[in-house]
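The block underneath contains the structure these notes are about, expressed in structure tokens.
The values are calculated or read from the model by the stated rules, or taken from the named source; none is laboratory data. Nothing here was measured: the structure is a model prediction, and the numbers come from that model. As a convention, Cβ positions derive from the backbone with ideal geometry for all residues, glycine included, and neighbour counts pool all protein chains shown. Each accessible area value is taken on the protein alone, full model and side chains, heavy atoms only, with ligands, DNA and RNA left out. Shrake-Rupley method; radii C 1.70, N 1.55, O 1.52, S 1.80 Å.
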Amino acid sequence: MKYFNQLDYPHIPYPTDTGKPDSRFHGLSIKETGCGLCSLAMMVDQLTTKTISLKRLVSISQKHNANHHPGTDMKILGPVVAKMFDLDYSETNSVNKAVQHLKNGGSVIANVGGDREGYTGVFSHGGHYILLLSADKDSVCVLDPSYKEGKYEEPGRQGNVRVDPPFGWCSPELLAKETDNRNPGFYLFARKKP
């Protein structure tokens, strides 16, 4: 399983928020705005026998205007990548449906919403995408494309994610809270049934 950490790619430009002429997001790279691209690349690696490069994902995102707002618009890019690799694609706000999808062999990109009044985001202080790999009764296996040592030890985050880098495990309840200010909270990908 390939792991892509966006922090390793400051040399690959990924301008986003292109709908605003003077946005600070124009001059950024995958390091700052590429969590969605990294999550998609890992999902393709998990579900297929193929790979896709981050540079190609940048190009596809730009072609389809999935970079028109800050970061990546997964509602646009998710279906495009799914079609390229002959995968099924759907969306949900239900953590229970996302967990069941993982148990059925699918892959899920979670759309976490970060900090808000009275809540400290565990996976990010702002919007962020993470890849969910598998689930059992009590925990979900996560690949966080912006993981760095000590990330989950910050105040308000301690004890929520068990880590064996690059993998993390957290509860479905945490994922429900992390995504409750996003719509959709989860993007579901699966191999097509014969």
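Structural remarks
- Point-to-point label distance, ARG157-SER171, nm (Cα→Cβ direction, 7 Å offset): 1.9 nm
- When restricted to Cα atoms, segment 67-194 yields an Rg and a Dmax of 14.3, 48 Å, respectively.
- Panel values: segment 79-151, Kirkwood radius from alpha carbon pairs, Stokes-Einstein at 37 °C and 0.692 mPa s, translational diffusion coefficient 240 µm²/s.
- Across the accessible surface of the chain, with the other protein chains kept in place and a 1.4 Å probe, carbon and sulfur atoms take up 48 percent.
- Label-to-label distance, nm, for residues given as LEU7 and ASN104 (7 Å Cα→Cβ offset): 3.5 nm
- Per residue, the solvent-accessible area of the chain (1.4 Å probe, heavy atoms of protein chains only, all protein chains present) comes to 49 Å².
- Counted by Cβ distance under 13 Å from LEU132, the other residues give a net charge of -1, where Lys and Arg count +1 and Asp and Glu count -1.
- One decimal place: the segment LYS63-THR120 gains 17.1 nm when fully extended, by the rule 0.36 nm per residue minus the C-alpha distance.
- Set of lysines near LYS20 by C-alpha distance (under 19 Å), chain-local residues within fewer than 8 positions excluded: LYS63
- Across all directions, the average flat footprint of the convex hull enclosing the Cα atoms of segment 1-130 is 8.6 nm².
- Charge context of LEU87, other residues only, Cβ under 15 angstrom, K/R +1, D/E -1: +1
- Net charge over other residues, Cβ less than 13 angstrom from the Cβ of SER171 (K, R count +1; D, E count -1): -1
- Full extension of the chain segment joining CYS141 with LYS20 gains 39.9 nm, where the gain is 0.36 nm per residue of separation less the Cα-Cα distance.
- Extension gain for the segment ILE76 to ASN93, taken as residue separation times 0.36 nm less the Cα-Cα distance, is 4.4 nm to one decimal.
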